[in-house]
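Report on the structure given below.
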Amino acid sequence: MIEFSKPAIEYAELWPLLLVFGLGCIGVLIEAFLPRGSRHHVQLGVALVGTVAAFVGVVLIGTGLEDHGEASGSIVAEGAFAVDGPTVFIWGLLLLIAAAGLLLFAERKLEGGLSAFAGQAAALPGTEAEREASTRGLDHTEVFPLMMFAVSGMMIFAAANDLLTLFVGLEVLSLPLYLLSGLARRRRLLSQEAALKYFLLGAFSSGFVIYGIALVYGYAGTMGYAGIYEAIANTTGNRAMLLIGLGLISVGLLFKVGAVPFQAWTPDVYQGAPTQVTAFMAAATKVAAFAAMMRLFYVAFGSERWSWEPMLWLIAILSMVVGAILAVAQSDIKRMLAYSSITHTGFLITGLIGIKAVGEAGDGQITATQSVLFYLVTYAFMTLGAFAIVSLVRDSGGEATHLSRWAGLGKESPLVAAAFSLFLLGFAGIPLTAGFSGKWAVFASAMSGGAWPVVVVAVLTSALAAFFYIRVIVLMYFAEPQGPGPSVTLPSLLTSTTIGVAVLATIVLGVMPGPVLDLAAHAGEFIR
Amino acid sequence: MSTEPYILLSAILFTIGSVGVLVRRNAIVVFMCIELMLNASNLALVTFAKANGNLDGQIAAFFVMVVAAAEVVVGLAIIMTIFRTRRSASVDDASLLKY
């Protein structure tokens, strides 16, 4: 008979995570008990205040982390979570993205007083019921609690310190996103199709993850990352099981970040989902999944580096090349940005295979963790801003996402075109934008880690990628508009704030990357 | 007790599930195949728990069941919506998004 004892939960370190999860639950209660008219404002207010409170909490936890030399922080909840420097950094970033995402979700000016989400998801497209829902001004305010659940899943995912927590976090972050992708007000068939594809492929990949977890557990005899590290270092067990398990878990994580060859869902889902959801999802999922991937590879499989590093070399090269080549051929702005996000996944993996620990890095050299954390910050803000602008360029049928509709935008709305050009230049990695400092960081880390072939490919694909970004800029400024031309709907303060913050972040991180790089360096390494 | 037959069975079930996802057309059947993959993992987890002599794997199996139930709720809702719109649950018919 095995004795059970009460687990110790360190609420002092975990409360921001629990708070965000609680916000999701409160949101469900608001949905159930408040009259329809007041839900939108209450939901937004509660979620926003809660997110800001959680952010303050994360900052406080970050300043009070225990110092252990290279890493700082502690392992909490009986080994389920690690609250260390990188965790706190990622949590803070996720909560900022969540706040920006909330502002975008709450935007009601673009659809003339209605949100971007379906009035009634159950009403069939093109029926009387749908028109009635629209004329009665119905809104799905469930999107706010769904987003809070997704954010709490991401926070779990980023802090997971054993394989089971990793799996639970993966599912808690994915399930709300499947639903959110299917809730668009316009082009509902595309949106539903995106949800179906995302769901089936996402569930398929999580099946691989859990089988991989089972095999690694069978090899190591434990789910904890530290235990797996010990087992790999000492054991003489069945290595085939370990390697197959490692491969299967990697499939799931690489699927979530949209790396080639697991990228097939990315363009479809990015295009079909409501643009506000795409903005949030593109930024936040990548942040959380890269945090989880780094912790898994560095902490649990750190002593197995020689078997996963070649795999990541190959996947980084494939992601950059395939993403850049296919992006050139796109005629839809959202699809083009989706393929560009696949390229950026490749750049992020390039950073991930750089030098591992502070100890191995020379003076002034940038470590892999530091470079990836910094790149995630730059990428997140540029993505949020770019998709927020996509939601503004509209015609009578909703968003005008076809590239030809963007011709002549520079004359129509110089400000929006200028901001979008800035984000595109940032994606391309032009100096004095955030993208340049991010790219510099990951390339420097990969170079000093000896991955110079990957860096060569990365530089070449950056040049190729610059072509299709600059093509859009040329289109906006130098092409004559076709037909009635594009029109920019003036957003309310909510979307404008998000775009403003993103523009500011893109410029500041490009001109003065120092403070955020220091912060990433201060986060230190992953704790064991 | 030898645990190998159970691992072998779970690997066979997992393979049937993943091949099913790739070859079947009906979204519901695809989804059932995914559930089969999750249950194959459950069998592996429980067997490894027995082999390793600790309870981690059995607890994980409970979590996988909860996750599978949550996935059914979300997944069937999505498949239902698309079936009502298109009058078809075939994954080949939903093909507006491409290239």
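The values are calculated or read from the model by the stated rules, or taken from the named source; none is laboratory data. Predicted, not measured: the structure shown is a model, and the values here were computed from it. Positions of Cβ are generated from backbone atoms using ideal geometry, with glycine treated the same way; all protein chains shown enter the neighbour counts.
Can you name every residue in the stretch A:56-110 that is among the polar types (S, T, N, Q) and crowded, with 24+ Cβ neighbours inside 10 Å? Explain how you work it out, then say what you get.
Going residue by residue through the stretch A:56-110, those that are among the polar types (S, T, N, Q) are A:63, A:72, A:74, A:87.
Matches in the stretch A:56-110: A:Thr87 only.
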Q) When you look at A:Ile349, is it part of a helix (DSSP H, G or I), β-branched (Val, Ile, Thr), in contact (Cβ under 8 Å) with a residue 24 or more places away in the chain and crowded, with 24+ Cβ neighbours inside 10 Å, yes or no? A) yes
**Q.** Conditions (1) closer than 30 Å to A:Ser396 by Cα; (2) assigned to a helix (DSSP H, G or I); number of the one not met by A:Ala444
**A.** (1)
Q: Could you tell me which residue of the stretch B:6-19 is surrounded by the most Cβ atoms within 10 Å (Cβ to Cβ), considering only residues that are within 13 Å of A:Gly207 (Cα to Cα) and more than 9 Å from chain A (Cβ to nearest Cβ)?
A: B:Leu13
Q | Given (1) touching a strand residue (DSSP E or B) at 6+ places or on another chain (Cβ under 7 Å); (2) modelled with pLDDT of 90 or more; (3) under 28 Å from A:Gly252 (Cα atoms), number of the condition A:Ile315 does not satisfy | A | (1)
**Q.** Number of the exception - B:Asp92 against (1) in contact (Cβ under 8 Å) with a residue 40 or more places away in the chain; (2) under 30 Å from A:Asp332 (Cα atoms); (3) surrounded by 14 or more Cβ atoms within 10 Å (Cβ to Cβ)
**A.** (3)
**Q.** Given (1) modelled with pLDDT of 90 or more; (2) at positive phi, index of the condition A:Gly483 fails
**A.** (1)
Q | Unmet criterion (only one of (1) over 30 Å from A:Leu104 (Cα atoms); (2) within 14 Å of chain B (Cβ to nearest Cβ); (3) not in a helix (DSSP H, G or I)) for A:Gln330 | A | (1)
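Filter the stretch A:223-248 down to the residues that are touching a residue at least 24 places away in the same chain (Cβ under 8 Å) and not aliphatic (A, V, I, L, M), then identify the one that is surrounded by the fewest Cβ atoms within 10 Å (Cβ to Cβ).
Looking only at the stretch A:223-248, we keep the residues that are touching a residue at least 24 places away in the same chain (Cβ under 8 Å), and these are A:223-226, A:228-229, A:232-233, A:241-248.
If we keep only those that are not aliphatic (A, V, I, L, M) as well, we get A:224-225, A:229, A:245, A:247.
On the way: A:Gly224: 22, A:Tyr225: 28, A:Tyr229: 19, A:Gly245: 23, A:Gly247: 15.
Taking the candidates together, the pick is A:Gly247.
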(Q) Suppose we filter the stretch A:1-42 for residues that are surrounded by fewer than 12 Cβ atoms within 10 Å (Cβ to Cβ) and among the basic types (Lys, Arg); how many remain? (A) 1
**Q.** Of residues in the stretch A:499-528 being in contact with a helix residue (DSSP H, G or I) (Cβ under 6 Å, 6 or more places away or on another chain) and more than 17 Å from A:Leu376 (Cβ to Cβ), the one modelled with the lowest pLDDT
**A.** A:Arg528
Q: Tell me, yes or no, whether the stretch B:28-37 has at least one residue that is of a type in the set (D, E, K, R), in contact (Cβ under 8 Å) with a residue 12 or more places away in the chain and either under 18 Å from A:Tyr178 (Cα atoms) or within 7 Å of chain A (Cβ to nearest Cβ) (or both).
A: yes
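Among the residues that make up the stretch A:180-198, is at least one of them more than 27 Å from A:Leu114 (Cβ to Cβ), free of Cβ contacts under 8 Å to residues at least 40 places away in the same chain and either crowded, with 24+ Cβ neighbours inside 10 Å or more than 17 Å from the chain's Cα centre (by Cα) (or both)? It would help to see each step written out before you state the result.
Going residue by residue through the stretch A:180-198, those that are more than 27 Å from A:Leu114 (Cβ to Cβ) are none.
Taking every residue of the stretch A:180-198 in turn, none turns out to be more than 27 Å from A:Leu114 (Cβ to Cβ), free of Cβ contacts under 8 Å to residues at least 40 places away in the same chain and either crowded, with 24+ Cβ neighbours inside 10 Å or more than 17 Å from the chain's Cα centre (by Cα) (or both).
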Q | Conditions (1) of a type outside the set (A, V, I, L, M, F, W, C); (2) within 7 Å of chain A (Cβ to nearest Cβ); (3) closer than 20 Å to A:Leu166 by Cα: number failed by B:Asn52 | A | (3)
**Q.** Number of positions in the stretch A:447-488 that are surrounded by fewer than 21 Cβ atoms within 10 Å (Cβ to Cβ) and in a loop (DSSP other than H, G, I, E, B)
**A.** 8
Q | Members of the stretch B:55-90 found to be more than 7 Å from every other protein chain (Cβ to nearest Cβ) and either in a loop (DSSP other than H, G, I, E, B) or among the aromatic types (Phe, Trp, Tyr) (or both), listed by number | A | B:Phe62, B:Phe83, B:Arg87, B:Ser88, B:Ala89
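Residue by residue, here is whether (1) over 26 Å from A:Thr343 (Cα atoms); (2) polar (S, T, N, Q); (3) in contact (Cβ under 8 Å) with a residue 60 or more places away in the chain holds:
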| site | (1), (2), (3) |
| --- | --- |
| A:Thr433 | no, yes, yes |
| A:Lys439 | no, no, yes |
| A:Ala466 | no, no, no |
| A:Val474 | no, no, no |
| A:Thr495 | yes, yes, yes |
| A:Ala521 | no, no, yes |
Q: Please work out if A:Ala53 is at pLDDT 85 or above and surrounded by fewer than 18 Cβ atoms within 10 Å (Cβ to Cβ).
A: yes
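Considering A:Leu166, A:Leu180, A:Leu114, which residue is of a type outside the set (Val, Ile, Thr) and farther than 26 Å from A:Thr87 by Cα? Before you say what the answer is, go through the steps one by one.
On the way: A:Leu166 fails: farther than 26 Å from A:Thr87 by Cα; A:Leu180 fails: farther than 26 Å from A:Thr87 by Cα.
Sole residue among the options that is of a type outside the set (Val, Ile, Thr) and farther than 26 Å from A:Thr87 by Cα: A:Leu114.
Please determine, by comparing only the residues of the stretch B:1-21 that are in contact (Cβ under 8 Å) with a residue 40 or more places away in the chain and touching a helix residue (DSSP H, G or I) at 6+ places or on another chain (Cβ under 6 Å), which one is nearest to A:Ile213 (Cα to Cα).
Selected residue: B:Ile7.
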(Q) Here is a check on your reading of the model: is A:Leu124 more than 14 Å from every other protein chain (Cβ to nearest Cβ), modelled with pLDDT of 85 or more and in contact with a helix residue (DSSP H, G or I) (Cβ under 9 Å, 6 or more places away or on another chain)? (A) no
Q: Report yes if some residue within the stretch A:352-366 is in a helix (DSSP H, G or I), in contact with a Lys or Arg (Cβ under 8 Å, 6 or more places away or on another chain) and at pLDDT 90 or above; otherwise report no.
A: no
Q: Taking only the stretch A:216-233 into account, find how many residues are within 7 Å of chain B (Cβ to nearest Cβ) and on the phi < 0 side of the Ramachandran plot.
A: 4
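Within the bounds of the stretch A:124-133, is there any residue that is surrounded by 24 or more Cβ atoms within 10 Å (Cβ to Cβ) and without any contact (Cβ under 8 Å) to a residue 60 or more places away in the chain?
First, the residues of the stretch A:124-133 that are surrounded by 24 or more Cβ atoms within 10 Å (Cβ to Cβ): none.
Taking every residue of the stretch A:124-133 in turn, none turns out to be surrounded by 24 or more Cβ atoms within 10 Å (Cβ to Cβ) and without any contact (Cβ under 8 Å) to a residue 60 or more places away in the chain.
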Q. Looking only at helices (runs of 4 or more DSSP H) that fall completely inside the stretch A:128-199, which ones have 2 or more residues that are at pLDDT 95 or above and more than 8 Å from chain B (Cβ to nearest Cβ)?
A. A:143-159, A:163-181
Q. Looking at B:Thr85, B:Thr3, B:Thr47, which one is closer than 27 Å to A:Leu183 by Cα and surrounded by 15 or more Cβ atoms within 10 Å (Cβ to Cβ)?
A. B:Thr85
